[in-house]
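Below: one structure, written as C-alpha cells.
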Amino acid sequence: MGSIGAGSIGSVHVENLNEAQSTNHQKQHLDAGALFVLKSKGSWWHSGYHLTTSIVAPPLLSLPFAFASLGWTAGVLSLVIGAIVTFYSYNLISLVLEHHADLGHRHLRFRDMAYDILGPRWSKYYVGPIQFMVCYGAVVGNILLGGQCLKAIYVLWNSNGTMKLYEFVIIFGVFMLILAQIPSFHSLRHINLISLVLCLLYSACATAASIYIGISSKGPKKNYSLSSNDETRIFGIFNAIAIIATTYGNGIIPEIQATLAPPVKGKMFKGLCVCYTVVTVTFFSVAVSGYWAFGNDSAGLVLSNFIDPDGNPLVPRWFIMTINIFTILQLSAVAVVYLQPTNEVLERTFADPTSSEFSPRNVIPRIISRSISVMLATLIAAMLPFFGDINSMIGAFGFLPLDFVLPVVFFNLTFKPSKKTFLFWLNSSIAVIFSMVGVTAAVAAVRQISLDAKNYKLFANV
C-alpha cells in the first residue's frame, strides 16, 4: 500500500470541491422535470435494476413465437446477435454521455443528446417524438397485457364468467394510477429490484412448464419446419426479427444514466453487466424451452400454450395462476418505468423548480397530470385490444433507431474515429444494417395490421 501525502489529500479535496460546485451550478439551471423526476442519486446497482426492468419484461414470453418463424439456427443466432449488438450499443451511448459529463455538460435526456450532437431539428422533430411514442406505447401495451393476464386468471377459475377484457384492463389501470404517483425515477429502485426477482421467477416457471409439457404426452406433436409459402415465410422472418429487436429494446438509456450520482464513469457498464446476466438467463431459457416444447404451435405468448384448445390446463391451475401473478406484478413495474419520460415532460411543463418538490404548488399538478396520462393510456388499451399489432409497428419505427442506430451514430460523431479504423466501419455497418431491418420490420408490421384489420373492433373481448 502506498503512502498518501498532504499534497494528494489537498488535490482530492479540491477535486471534490470542484465537483460539488459543478453539481450545485448544474442543479440551479435544471428544469423541474430534470430536478424532480431525474434525480441523480443512484448507485450502479440501482442502474442495473432500472435496466433489467426496462429490458427483461414479459414480452420475452413471445420469443418462442419468434423462433417459430426463424427455426432453430436463425432463431438462436438472432437472439445472440441482438444481445451482443444492444450490449455494445448501450455501452457506446453510455461512453458518449460520460464524455459530455467530463466536459461539464451532463445530458439527462435522449433529446438533450440529440440536440447537442445532431442539432435542434433532429431533437425536436425526430428523437424526442419517437422516444415519447415508444415509451407511451410501451405503457399502453403493458396495461393491455396486464388486463389480459388478469382475465386469464379469471377464466381459469370461472370459465363461464361474464366479465370482459376491457374491465380487467381498467382494473390494472387503477393499480397503475397509484404507482404513477411515485415521484421520481430514483424512487423506483426498490420496486425495480423486486421486478428483477419477478422476471427470474416467471421465466423459470415458464421454462419449467414448457419442459414438463414437452416431455409429457399432453403437448402438441413437435414440428419445427418453416412455412412453404414464400411470402408468409419472408414476412414471418421480418416480423420475428422485429419481435426480438423490440424485446431487447430500451429507449431510455440516457434517462437511466441520469439517475446515477456523479461521478458516473464506469457505473453504467456495471449496471449493464447485471442486466445482461439476467437477459442471458431468461431470454435463452424461455425461447429454447418454449420452441422445443411447442414448435410451430408456439403462441404469441407462451403462457397461452399451457392451456389446450379445449380450455384444459396442461399444468396445474395454481401453477398457471402463479406465473400470471408474477407477470402482472412485473408488468406494473415495467409500465411505471416507461412512464418516466412522460412524467418528466409533465413535470417540466406544470411544476415550479423554485418551489419544494412536495409543496402543494407542485403536488397538485403532478397528481392531476399523471392521473390523466394513465387514464388516457388505460382508455387506449381498453378500446384497442389489438394494440399489440400497432406496438410492433411502433417498435420497428422507434426501438430499432433508438437502440441500434443512434448509439453508433452518436459515438462516431462525438469521438470521430478515423475512417481507416475497424471501429468506424463496424459502427457504420451496424447503423446501415439495422436501419434496413427497421424498414423491413415496419413493412411486416403494417402487413400484419392489414391482415388482422377485419377482426378489429373497439372494446373487443379477445
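The values are calculated or read from the model by the stated rules, or taken from the named source; none is laboratory data. All figures in this text were calculated on a predicted structure; none of them were measured in a lab. Using ideal geometry, Cβ is built from the backbone for each residue, glycine included, and neighbour counts are taken over all protein chains shown. When the accessible area is computed, the model is the full protein with side chains, heavy atoms only, and any ligands, DNA or RNA have been set aside. Shrake-Rupley method; radii C 1.70, N 1.55, O 1.52, S 1.80 Å.
Of all residues in region 205-232, how many are part of a helix (DSSP H, G or I), surrounded by 15 or more Cβ atoms within 10 Å (Cβ to Cβ) and of a type outside the set (Ser, Thr, Tyr)? Steps first, answer last, please.
Residues of region 205-232 that are part of a helix (DSSP H, G or I), as a first pass: 205-215, 230-232.
So of that shortlist, the ones also surrounded by 15 or more Cβ atoms within 10 Å (Cβ to Cβ) come out as 205-214.
From the residues that got through so far, the ones that are of a type outside the set (Ser, Thr, Tyr) too are 205-206, 208-209, 211, 213-214.
Looking only at that region, the number is 7.
Quick check: anything in region 394-404 hydrophobic (A, V, I, L, M, F, W, C), part of a loop (DSSP other than H, G, I, E, B) and farther than 23 Å from Gly146 by Cβ?
We begin by selecting, within region 394-404, every residue hydrophobic (A, V, I, L, M, F, W, C); these are 394, 396-397, 399-400, 402, 404.
Of the ones still in play, those that are also part of a loop (DSSP other than H, G, I, E, B) are none.
Looking through region 394-404, none of the residues is hydrophobic (A, V, I, L, M, F, W, C), part of a loop (DSSP other than H, G, I, E, B) and farther than 23 Å from Gly146 by Cβ.
For region 339-367: of the residues being open to solvent by less than 30 Å² (accessible area, probe 1.4 Å) and of a type in the set (A, V, I, L, M), which is farthest from Thr378 (Cα to Cα)?
Within region 339-367, the subset open to solvent by less than 30 Å² (accessible area, probe 1.4 Å) is 339-344, 347, 351, 357, 359, 362, 366.
Filter once more, so that each one left must be of a type in the set (A, V, I, L, M): 339, 351.
Numbers: Leu339: 13, Ala351: 24 Å.
Of everything passing the filter in region 339-367, Ala351 is farthest from Thr378 (Cα to Cα).
Going through region 417-430 one residue at a time, which ones are open to solvent by less than 50 Å² (accessible area, probe 1.4 Å) and part of a helix (DSSP H, G or I)?
Phe424, Asn427, Ser428, Ile430, listed by residue number.
I'd like the full set of residues that are open to solvent by 40 Å² or more (accessible area, probe 1.4 Å), in contact (Cβ under 8 Å) with a residue 60 or more places away in the chain and part of a helix (DSSP H, G or I), limited to region 113-147. Lay out the reasoning, then the answer.
Step one: list which residues in region 113-147 are open to solvent by 40 Å² or more (accessible area, probe 1.4 Å), which gives 115-116, 118, 120-122, 124-126, 129, 132-133.
Filter once more, so that each one left must be in contact (Cβ under 8 Å) with a residue 60 or more places away in the chain: 118, 132-133.
Across region 113-147, the qualifying residues are Phe132, Met133.
Could you tell me whether region 38-46 includes any residue that is charged (D, E, K, R), modelled with pLDDT under 95 and part of a helix (DSSP H, G or I)? Explain how you work it out, then say what you get.
Residues of region 38-46 charged (D, E, K, R): 39, 41.
Filter once more, keeping what is modelled with pLDDT under 95: 39, 41.
Then drop every residue that is not part of a helix (DSSP H, G or I), which leaves none.
Looking through region 38-46, none of the residues is charged (D, E, K, R), modelled with pLDDT under 95 and part of a helix (DSSP H, G or I).
Of the conditions (1) within 25 Å of Ser123 (Cβ to Cβ); (2) assigned to a helix (DSSP H, G or I); (3) open to solvent by less than 60 Å² (accessible area, probe 1.4 Å), Ile433 clears all except one; give me its number.
Of the numbered conditions (1) within 25 Å of Ser123 (Cβ to Cβ); (2) assigned to a helix (DSSP H, G or I); (3) open to solvent by less than 60 Å² (accessible area, probe 1.4 Å), the odd one out for Ile433 is (3).
Go through (1) under 15 Å from Ser298 (Cβ atoms); (2) touching an Asp or Glu at 6+ places or on another chain (Cβ under 8 Å) for Leu79 and report which single condition fails.
With respect to (1) under 15 Å from Ser298 (Cβ atoms); (2) touching an Asp or Glu at 6+ places or on another chain (Cβ under 8 Å), Leu79 is out only on (2).
In this structure, does Ser159 turn out to be of a type outside the set (A, V, I, L, M), closer than 27 Å to Pro316 by Cβ and at pLDDT 95 or above? So that I can check it myself, show each step before the final result.
Values: of a type outside the set (A, V, I, L, M): yes; closer than 27 Å to Pro316 by Cβ: yes; at pLDDT 95 or above: no.
For Ser159, the condition - of a type outside the set (A, V, I, L, M), closer than 27 Å to Pro316 by Cβ and at pLDDT 95 or above - is not met.
Among (1) assigned to a loop (DSSP other than H, G, I, E, B); (2) at pLDDT below 90, where does Asn18 come up short?
(1)
Output the residues belonging to region 332-352 that are outside any loop (DSSP other than H, G, I, E, B), more than 19 Å from Pro59 (Cβ to Cβ) and touching an Asp or Glu at 6+ places or on another chain (Cβ under 9 Å). It would help to see each step written out before you state the result.
Filtering region 332-352 down to residues outside any loop (DSSP other than H, G, I, E, B) leaves 332-338, 340-350.
Subsequent filtering for residues that are more than 19 Å from Pro59 (Cβ to Cβ) retains 342-350.
Result: Glu344, Glu347, Arg348.
Name the residue that is farthest from the chain's Cα centre (by Cα), counting only residues in region 323-379 that are of a type in the set (Lys, Arg) and under 22 Å from His190 (Cα atoms). Break it down into steps so the answer makes sense when it comes.
Residues of region 323-379 that are of a type in the set (Lys, Arg), as a first pass: 348, 361, 366, 370.
Of the ones still in play, those that are also under 22 Å from His190 (Cα atoms) are 366, 370.
Numbers: Arg366: 24, Arg370: 20 Å.
The selected residue is Arg366.
Within region 76-89, is even one residue modelled with pLDDT of 90 or more, under 30 Å from Ser210 (Cβ atoms), more than 19 Å from the chain's Cα centre (by Cα) and of a type outside the set (Ser, Thr, Tyr)?
Yes: region 76-89 contains one or more residues that are modelled with pLDDT of 90 or more, under 30 Å from Ser210 (Cβ atoms), more than 19 Å from the chain's Cα centre (by Cα) and of a type outside the set (Ser, Thr, Tyr).
Considering only region 83-105, state which residues are touching a Ser or Thr at 6+ places or on another chain (Cβ under 8 Å) and either open to solvent by 50 Å² or more (accessible area, probe 1.4 Å) or not in a helix (DSSP H, G or I) (or both).
The answer is His99, Gly104.
Only one residue in Thr414, Thr440 is in contact with a His (Cβ under 7 Å, 6 or more places away or on another chain) and either touching a residue at least 12 places away in the same chain (Cβ under 8 Å) or open to solvent by 40 Å² or more (accessible area, probe 1.4 Å) (or both), so which one is that? Walk me through it before giving the result.
Details: Thr440 fails: in contact with a His (Cβ under 7 Å, 6 or more places away or on another chain).
Matching residue, one of Thr414, Thr440: Thr414.
Take Arg370 and decide whether it is open to solvent by less than 50 Å² (accessible area, probe 1.4 Å) and more than 30 Å from Val155 (Cα to Cα). Can you show your working first?
Details: open to solvent by less than 50 Å² (accessible area, probe 1.4 Å): yes; more than 30 Å from Val155 (Cα to Cα): yes.
So Arg370 fits the description; yes.
Report, by residue number, each residue of region 305-331 that is free of Cβ contacts under 8 Å to residues at least 12 places away in the same chain and either part of a helix (DSSP H, G or I) or surrounded by 18 or more Cβ atoms within 10 Å (Cβ to Cβ) (or both).
To start, the set of residues in region 305-331 that are free of Cβ contacts under 8 Å to residues at least 12 places away in the same chain comprises 309-310, 312, 316, 318.
Across region 305-331, the qualifying residue is only Trp318.
Have a look at Tyr166, Tyr202 and point out the one that is open to solvent by 30 Å² or more (accessible area, probe 1.4 Å) and either within 21 Å of Asn324 (Cβ to Cβ) or part of a loop (DSSP other than H, G, I, E, B) (or both).
Working: Tyr202 fails: open to solvent by 30 Å² or more (accessible area, probe 1.4 Å).
Within the list Tyr166, Tyr202, the selection yields Tyr166.
Checking Gln181 against (1) touching a residue at least 60 places away in the same chain (Cβ under 8 Å); (2) open to solvent by 50 Å² or more (accessible area, probe 1.4 Å); (3) assigned to a helix (DSSP H, G or I), which single condition isn't satisfied?
For Gln181, the failing item is (3).
Within region 82-104, track down each residue that is among the hydroxyl-bearing types (Ser, Thr, Tyr) and either within 16 Å of Phe399 (Cα to Cα) or touching a strand residue (DSSP E or B) at 6+ places or on another chain (Cβ under 7 Å) (or both).
Thr86, Tyr88, Ser89, Tyr90
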